[in-house]
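A quick write-up on the structure given underneath.
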């Protein structure tokens, strides 16, 4: 007897209901690689659009955002017409440079000295030093006094242990009608546990509980990559 299909069986493209007609390629390409290649080709995405320096102990897959997610950031900046963007968590600068190329002036805050320095060098190497300002600081003590204008868009992707605190700091800095985008909100599935097993997962869980009561925000959690939460202020 077949079990009736549930709506949650069709959330993701890797669920059987959404890939039942795929039987592989003659050269053995996996479903995931075929899907990735198709999305990049159909979207016109260049997988490595920047000159990048990365730490010797990491790979680009570990440190950089997924190219598909970067394209989504690019589109959101263009669609909203965002001119001023605040980013929390620079890492090696991929998302900041993507949003800058889309037309925004980006202030990006990075707690780690090594990553802030790498981000600055990557920004300069790609000719974006006039559009990206890298600040090495702890976002939980964010330079409120240095903010002279509200931001059109904020992208939060750092210090996940304190995601709820960072949201409370960043939210007032975004103008009405502006957008807040928060990365890694599934945190590798840890937020689905009854009790998160990591400090980062617990921090993200606190954020998700915090925003549930914000009826003044139009919001959507997209189950792409590691989870992307998009909020639009009333």
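The values are calculated or read from the model by the stated rules, or taken from the named source; none is laboratory data. In this text the structure is predicted, and so the values were computed from the model without any measurement. All Cβ positions, even for glycine, are placed from backbone atoms using ideal geometry, and neighbour counts span all protein chains on display.
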- Query: Only one residue in 134, 170, 204 is within 18 Å of the chain's Cα centre (by Cα), buried (at least 20 other Cβ atoms within 10 Å of the Cβ) and at pLDDT below 95. Which one?
  - Reply: 170
- Query: Does residue 9 satisfy the criteria of being surrounded by fewer than 16 Cβ atoms within 10 Å (Cβ to Cβ), more than 27 Å from residue 179 (Cβ to Cβ) and in contact with a helix residue (DSSP H, G or I) (Cβ under 6 Å, 6 or more places away or on another chain)?
  - Reply: yes
- Message: Testing residue 223 on (1) touching a helix residue (DSSP H, G or I) at 6+ places or on another chain (Cβ under 9 Å); (2) in contact (Cβ under 8 Å) with a residue 12 or more places away in the chain; (3) within 25 Å of residue 10 (Cα to Cα), one condition comes back false. Which one is that?
- Response: (1)
- Item | Residues of the range 42-92 satisfying the condition of being on the phi < 0 side of the Ramachandran plot, in contact with a strand residue (DSSP E or B) (Cβ under 8 Å, 6 or more places away or on another chain) and assigned to a loop (DSSP other than H, G, I, E, B) | 65, 82, 83, 90
- Message: I'd like to check something: does the range 78-100 contain any residue that is closer than 26 Å to residue 164 by Cα, modelled with pLDDT of 95 or more and surrounded by fewer than 16 Cβ atoms within 10 Å (Cβ to Cβ)?
- Response: yes
- Message: Would you confirm, using the coordinates I've provided, whether residue 117 is in a helix (DSSP H, G or I) and crowded, with 22+ Cβ neighbours inside 10 Å?
- Response: no
- Message: So, residue 185, is that one in a loop (DSSP other than H, G, I, E, B) and buried (at least 21 other Cβ atoms within 10 Å of the Cβ) or not?
- Response: yes
- All positions within the range 212-234 that are assigned to a loop (DSSP other than H, G, I, E, B) and closer than 27 Å to residue 36 by Cβ: 223, 224, 225, 226, 227
